[in-house]
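**Q** What follows is a structure written as structure tokens; I'll ask about it next.
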Amino acid sequence: MATAAPLERTQSPIAPIDVSRKELYEGEGWQEPFRTLRAQAPIQYVPDSELGPYWSVSTYKPIVHVEALPKIFSSSWEYGGIAIPGKVDELIEGEIRMPMFIAMDPPHHTAQRRTVAPSFGPSEVAAMKAEVQQRTAEVLDSLPIGEAFNWVDRVSIELTTGMLARLFDFPWEERHKLTYWSDVLGDIESFDTVEKRQHRLATAFEMGGAFKQLWDKKAQNPGQHDLISVMLQSDAMKHMSHEEFMGNLILLIVGGNDTTRNSMTAFAYGLDRFPAERAKLEQNHDHELAVNAMHELIRWQTPLAHMRRTVTEDTELFGHQLKKRDKLALWYCSANRDESVFPDGDKVIVDRENARRHLSFGYGIHRCVGARVAELQLTTLISEMQKRRLRVNVLGEPVRVPASFVHGYKNMQVELTKY
């Protein structure tokens, strides 16, 4: 039986579309090129971009396939890590690579992930529930009714930064530093000049110094459940190098801050854009609907637009010939709107039957370790808003983060009303 000839490495039915360009994400400009890619070139080689050549993977099925094969499609920091900019075989001037367990392959990934995973397990998350409800209630009760304010600062950042401070047992009065560090270190666009890389590195060392003080304090008087104490008591993490320590801090801070905070802003923005869906939540306060809406909003927003993998051996992906050391960008933001999986994927549908199938937390061995905490925070926000019968009215288009990695918001002016 005849078989189809394999496609050439750069062959594509359409010209390459570089969806890593940061200007696409300053507005909603990313959506149209991804529609084109999903329809005509779901796997496409992009030979030229500011971030180097890469394969663009924009539909659900091949992304899941890649994520299920970590030996062939590596996450390792040694090859440049989990975002597009890093070069595979060499350092960029002013770059220091900081290992983190999300940017490791087994067995090192397995051991370090196993260390921190219990801190985000079902029993730990259940123990957080009352505190999350209390803090969410306090924040919402502090907000003005009928006056404009920035939802990002007053709600999203305040709630997520507070949770991070709790997880690390970080000094409460200095918690704003966590937000600053997250913003700087989660910005992959800061790789584009030596000066920006040096600023990013200086920020990383500032963060590392602050956490080294906390580490030394916990070494003398360890806690029970905070992440620093958990690392200290683990054979896999208690002897980390300084670079590895900083790398894992960046992972936990950016993962725990940017992703949840941007989903919280998407809750307000998305429901304002789709008032019929907002009405469903206003009329039905059933907990299961709130949980499903939480998953749907995380799908619709996709707070990390992509993850990057590096090919470890020549291989074939759905008819395309990939070479060893090729970079792949797995576009979660596009896969979460793949019409073959999520009909009307550009719409928020709070009772969508398969909302839980979203890829916003990844898939396979690197699925977000803190997913349950993020889900608790966002579901609690929805429920506490329902209790107070509060509606968010967005007063203008939000100011977005101009980046192809962290997909989020800087500012969104809103006004609260009662319904």
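**Q** Report the residue, chosen from T179, T160, T310, that carries the largest GNM mean-square fluctuation when the chain is represented by alpha-carbon nodes joined by springs under 10 Å.
**A** Of T179, T160, T310, the Gaussian network model singles out T179 as fluctuating most.
**Q** Just subtract the alpha-carbon distance of E353 and E138 from 0.36 nm times their residue separation and send over the number in nm, one decimal.
**A** Extra length from E353 to E138 when fully extended: 74.1 nm.
**Q** Can I ask one more? Let me check against my output: what whole-number percent is the relative contact order of the chain, with C-alpha pairs under 8 Å and at least 6 apart?
**A** 26
**Q** For region 402-419, what does the Karplus curve 6.51 cos²θ - 1.76 cosθ + 1.60, with θ = phi - 60°, yield as ³J(HN,Hα) per residue in whole Hz, taken in order and with x for Gly and Pro?
**A** x, 7, 9, 10, 6, 9, x, 10, 9, 8, 8, 7, 9, 9, 8, 10, 9, 10
**Q** A further question on this structure: Between N221 and R35, what is 0.36 nm times their sequence separation minus the Cα-Cα distance? Round to one decimal in nm.
**A** 61.6 nm
**Q** In region 127-159, whose amide N lies under 14 Å from the spot 7 Å out along Cα-to-Cβ of V399? List them in ranges.
**A** 149-154
**Q** Taking the Cα centre of the chain as origin, sum charge times position over the Cβ atoms of Lys and Arg (+1) and Asp and Glu (-1), and report the length of that vector in debye to the nearest 20.
**A** With only Lys, Arg, Asp and Glu charged at Cβ, the dipole is about 700 debye.
**Q** Read phi for every residue in region 377-390 and hand back ³J(HN,Hα) as whole Hz from Karplus 6.51 cos²θ - 1.76 cosθ + 1.60, θ = phi - 60°, with x for Gly and Pro.
**A** Values per residue, Gly and Pro as x: 4, 6, 5, 5, 4, 4, 5, 5, 5, 4, 4, 8, 6, 9 Hz.
**Q** At what distance in nm do the modelled label points of A15 and A126 sit from each other, each positioned 7 Å from its Cα along Cα→Cβ?
**A** Here the answer is 5.8 nm between the modelled labels.
**Q** Take the Cα of E174, step 7 Å along the line toward its Cβ, and report every residue of region 231-266 whose backbone nitrogen sits under 17 Å from that point.
**A** The answer is 246, 249-250, 253.
**Q** Within region 308-368, which chymotrypsin sites (Phe, Trp or Tyr not before Pro) sit in a loop by DSSP and count at most 13 neighbouring Cβ atoms inside 10 Å?
**A** Those that pass, being in a loop and sparsely packed, are F318.
**Q** Restricting to DSSP H runs of at least four residues, report the calculated mean residue ellipticity at 222 nm for the chain, -39500 (n - 2.57) per run over all residues, nearest 500 deg cm²/dmol.
**A** -13500 deg cm²/dmol
**Q** A further question on this structure: Can you pull out the trypsin sites (Lys or Arg not before Pro) in region 354-419 that DSSP calls coil and that have at most 16 other Cβ atoms within 10 Å?
**A** Sparse-neighbourhood loop trypsin sites (Lys or Arg not before Pro): R367, R389.
**Q** Can you run phi through the Karplus equation (6.51, -1.76, 1.60; θ = phi - 60°) for region 156-161 and list ³J(HN,Hα) in whole Hz, with x for Gly and Pro?
**A** Once θ is set to phi - 60°, the couplings for region 156-161 become 4, 5, 4, 6, 6, 5 Hz.
**Q** Can I ask one more? How far, in nm, would the chain grow between K212 and E195 when pulled straight, counting 0.36 nm per residue and subtracting the alpha carbon separation? Don't jump to the answer; show the numbers that get you there.
**A** Values: separation 17, 0.36 × 17 = 6.12 nm, distance 2.54 nm.
Length gained, K212 through E195: 3.6 nm.
**Q** Efficiency by 1/(1 + (r/R0)^6): what FRET value for E28 and A276, r their Cβ-Cβ distance, R0 = 22 Å, to the nearest 0.05?
**A** 0.65
**Q** Just list whichever of K129/K280; K71/K327; K387/K418; K71/K323; K212/K410; K129/K212 have alpha carbons separated by over 18 Å in the model shown.
**A** On the way: K129/K280 25 Å; K71/K327 14 Å; K387/K418 11 Å; K71/K323 14 Å; K212/K410 29 Å; K129/K212 29 Å.
The pairs that break the limit, which is 18 Å between Cα atoms, are K129/K280; K212/K410; K129/K212.
**Q** Pick from D187, D314, D153: which is most flexible by mean-square fluctuation in a GNM of the chain where alpha carbon atoms under 10 Å apart are linked?
**A** Top of the fluctuation ranking is D314.
No lab work stands behind these numbers, since they all come straight from the coordinates. Computed from a predicted model, the values in this text were never measured in an experiment. Here Cβ is always computed from backbone atoms with ideal geometry, including for glycine, and neighbour counts include all displayed protein chains.
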